[in-house]
Amino acid sequence: MQNLSRWLNRLDSAIAKKEFEFGETFRQILIPGPNRVESEGLLRIEPASPIYIPGSTYQHLHVVGWLDAGGNPFELTDDIGAALTLVADRRIEVVPAQPLTMEGEPSRKIFLSMSDLPDRRLMGPLDDGLDLDEDFRALLGGMRSLGSREAAVLNAAIRLHYGACLLFATDIAAAYTLVVAGIETLAGEFHNFSPGWGVWDQAGSWDKFIKAQALTDKQAEALRSKLLEKNAHMRLGERFADYATSGITEAFFEQELSAWVPNIDWAKGSITGGTWNPGPRIGEVNSNVDDLKKALKKSYAARSGFVHSGKRSVDSINQAVGAYAGYKSSSTPVPFAILRSLLRHLILREIDSRCTSRETPPIEDRKAHNVATLLREAAPLLSDGAKGGG
């Protein structure tokens, strides 16, 4: 809500100075139910069209607009949705789409989806040659062969990965936290980790304090043990980063973060298809295991900040660039696209290393199976008909 408070202050300041050259920002919003909502005030809301999304309730698409005096419109979008949802006591969703206008026709707008920007592979078409049934069978057969405890942990990680994929377009901070939780779930079951004093990032500072206070070896050891005990979260973060980077091969860093880019048909006023654009390799963002481990610790800290105090160090603005900028960094959290790929990699690796079979029921051709069943069931009737005709 702080962004909205700053927005109001900008409006007050501009009006007081009689600076009335405001810019107007537009977004689409989904309001549940068939009713058309119109409003003119701080927000201008106009109805667009009814819409039904499979698996959801009947909704009405509206366009919302607001005036501003020099602010960043991207900072307000989610907060406006949060505020409208709170006051209306209804789920009012701001659609993550950016309005584009055609040159010479400023009143004609096409809303280009921004939802896929943090992970641009997720919303692209399936790879050519992908055999969904074969890969689906391999996954289920492998999971079925695992022990009950292993299967339960991996199922939890798979569901967390799925939840993140569903959520990343609307709340990237929450989706990011689910991915961290997925890796943490795997680490808690499959990784034995007993960190010593030296792995703590504050160890050096405390060693200086111990030396300055001239503590005896026994006193120093007692203090170190107590500090490690009281900073259990440190061990969780270290375990998280250590597990996630253990066994990582060069093949992981060679993965390309390709991007699906939609095409715009201005004549029809719609989005039509798209093309795959090459992106940076993961190694161009987090270049090696050590850099990745440092960035993973930042990821765990981002998760903790969000869970415990609602801090959003991962947001739709920095993740819109995220991995696709191609710059190397170990001082910021791992970008969502790379972290999600890492969780997927770890899930599949654990299944591959632990499963004892990939066997699934021998149902190969559903159409042929259905035809054979019909013929078998119809055989007595056909036989009776033949006898009666004789």
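The values are calculated or read from the model by the stated rules, or taken from the named source; none is laboratory data. Nothing here was measured: the structure is a model prediction, and the numbers come from that model. Glycine gets a Cβ as well: all are built from the backbone with ideal geometry, and neighbour counts include every protein chain shown. Protein only, heavy atoms only, side chains kept; ligands, DNA and RNA dropped before computing areas. Shrake-Rupley method; radii C 1.70, N 1.55, O 1.52, S 1.80 Å.
A few points about this structure:
- Here Ala83 meets the list (1) over 27 Å from Pro262 (Cα atoms); (2) open to solvent by 50 Å² or more (accessible area, probe 1.4 Å) almost entirely, failing just condition (2).
One line per residue, one yes/no per condition, for (1) modelled with pLDDT of 80 or more; (2) in contact with a helix residue (DSSP H, G or I) (Cβ under 8 Å, 6 or more places away or on another chain); (3) more than 23 Å from Leu122 (Cβ to Cβ); (4) open to solvent by less than 40 Å² (accessible area, probe 1.4 Å):
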{"residue": "Leu215", "(1), (2), (3), (4)": "yes, yes, yes, no"}
{"residue": "Glu221", "(1), (2), (3), (4)": "yes, no, yes, no"}
{"residue": "His233", "(1), (2), (3), (4)": "no, yes, yes, no"}
{"residue": "Glu238", "(1), (2), (3), (4)": "yes, yes, yes, yes"}
{"residue": "Ala241", "(1), (2), (3), (4)": "yes, yes, yes, yes"}
{"residue": "Leu257", "(1), (2), (3), (4)": "yes, yes, no, yes"}
{"residue": "Pro262", "(1), (2), (3), (4)": "no, no, no, no"}
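- Test result for Trp276, assigned to a strand (DSSP E or B) and modelled with pLDDT of 85 or more: yes
- Scanning the stretch 364-381 for residues that are open to solvent by 90 Å² or more (accessible area, probe 1.4 Å) and modelled with pLDDT of 65 or more gives Glu364, Leu374, Leu375, Arg376, Glu377, Leu381.
One line per residue, one yes/no per condition, for (1) surrounded by 11 or more Cβ atoms within 10 Å (Cβ to Cβ); (2) in contact with a Leu (Cβ under 8 Å, 6 or more places away or on another chain); (3) closer than 23 Å to Asp171 by Cβ:
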{"site": "Arg10", "(1), (2), (3)": "yes, no, no"}
{"site": "Glu21", "(1), (2), (3)": "no, no, no"}
{"site": "Pro32", "(1), (2), (3)": "yes, no, yes"}
{"site": "Val63", "(1), (2), (3)": "yes, no, yes"}
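- When residues of the stretch 303-340 are limited to those that are at pLDDT 85 or above and open to solvent by less than 10 Å² (accessible area, probe 1.4 Å), the one farthest from the chain's Cα centre (by Cα): Val334
- Test: residue in the stretch 283-290 that is open to solvent by less than 60 Å² (accessible area, probe 1.4 Å) and either assigned to a helix (DSSP H, G or I) or at pLDDT 85 or above (or both): yes
- Scanning the stretch 157-190 for residues that are open to solvent by less than 40 Å² (accessible area, probe 1.4 Å), of a type in the set (Gly, Ala, Ser) and assigned to a helix (DSSP H, G or I) returns Ala157, Gly163, Ala164, Ala173, Ala174, Ala175, Ala181, Gly182, Ala187.
- When residues of the stretch 38-48 are limited to those that are open to solvent by 50 Å² or more (accessible area, probe 1.4 Å) and aliphatic (A, V, I, L, M), the one farthest from Val95 (Cα to Cα): Leu42
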